[in-house]
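Just so it is clear, none of the values below were taken in a lab; they were calculated from the coordinates. Note that the structure is predicted; figures quoted are calculated from it, not measured. Neighbour counts run over all protein chains shown; Cβ positions are idealised from the backbone, glycine included.
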Amino acid sequence: MQKLSAEELINEYAKGRRDFREVDLSEVNLFECNLQDIDLRGSNLSRTYLPYANLSRAKLEYAQLQEAELSSARLQMANLSHANLQYANVSRAELCYCQLEWANLSQSNLQGADLRFASLVDSDLRGANLSDTNLEQARLTRANLQRCNLFRAQSANLSDALFDQTTVFPDGHRGVTGEMPPFNS
């Protein structure tokens, strides 16, 4: 896996290159970078600093984003299927129409994120903070929401999600294994 510095990535991107599959960008500072349409499939972005970055329509399938800083990043229509975002800070990020199928978001901070129309099918959200998120039309089929905080999440349809007594629902109540929450806020 080729290690790239922030300068190398930015220079190559400015020249028109978009294919950066399987590169190592771990711990690189990419604050406010415009990287829309970039292809980082299978890349290592663990502990990468990406607040306010524009990653709209990025291809991030199978990317390693553990402990990445993605607060207020723009990830509309990005594909993060099978990506590992464990312990990542994705608070206030724009994730509309994002593909997060089979993604590992356990222990991640998604507080205040915009997840409208996102697909979280089969994703692992155990212990994630989803408080104050917008989940309008988000698909949560078989998403694991154990120990997940959904307090004040908007428009959450949890009918096909997996939850238990450790799940905090949008109204602040805790779940009971096998029971559907008494709301669909």
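If you filter the stretch 1-103 for GluC sites (Glu not before Pro), then keep DSSP loop positions with at most 15 other Cβ within 10 Å, what is left?
Numbers: sites: 7, 8, 12, 22, 27, 32, 61, 67, 69, 94, 101; in loops: 22, 27, 32, 61, 67, 101.
Hits after loop and neighbour filter: 22, 27, 32.
Quick one: grab the alpha carbon gyration tensor of the stretch 29-83, order the square roots of its eigenvalues as a ≥ b ≥ c, and give me rounded if a/c is under 1.5, else prolate or oblate depending on whether a/b is larger than b/c. Oblate shape, in that a/c is at least 1.5 and b/c is the bigger or equal ratio.
So what is the 222 nm mean residue ellipticity for the chain from helices alone, if each DSSP H run of at least 4 adds -39500 (n - 2.57) and you divide by all residues, rounding to the nearest 500 deg cm²/dmol? Value at 222 nm, helices only: -1500 deg cm²/dmol.
Shape summary: the stretch 114-155 maps onto an equivalent ellipsoid whose semi-axes, from the alpha-carbon gyration tensor, are 14, 14, 6 Å in decreasing order. Distance between the 7 Å Cα→Cβ label points at residue 18 and residue 31: 2.9 nm.
Quick one: order 15, 3 by neighbouring beta-carbon count within 10 Å, fewest to most. Show your work: numbers first, answer last.
On the way: 15 7, 3 11.
Least crowded to most crowded, the residues run 15, 3.
For the peptides 165-174, 43-52, the ranking by packing is 43-52, 165-174, with the highest mean count of neighbouring Cβ atoms within 10 Å listed first.
Calculate the translational D of the chain in whole µm² s⁻¹ from Stokes-Einstein, where the hydrodynamic radius comes from the Kirkwood formula applied to all Cα pairs, the temperature is 10 °C and the viscosity 1.306 mPa s.
Values: Rh = 16.1 Å.
So the translational diffusion coefficient is about 98 µm²/s.
In vacuum, with every alpha carbon of the stretch 18-119 counted as one equal point scatterer, what does the Debye formula give for log10 I(q)/I(0) at q = 0.19 Å⁻¹? Two decimals, please. Values returned for q = 0.19 Å⁻¹ are -0.78.
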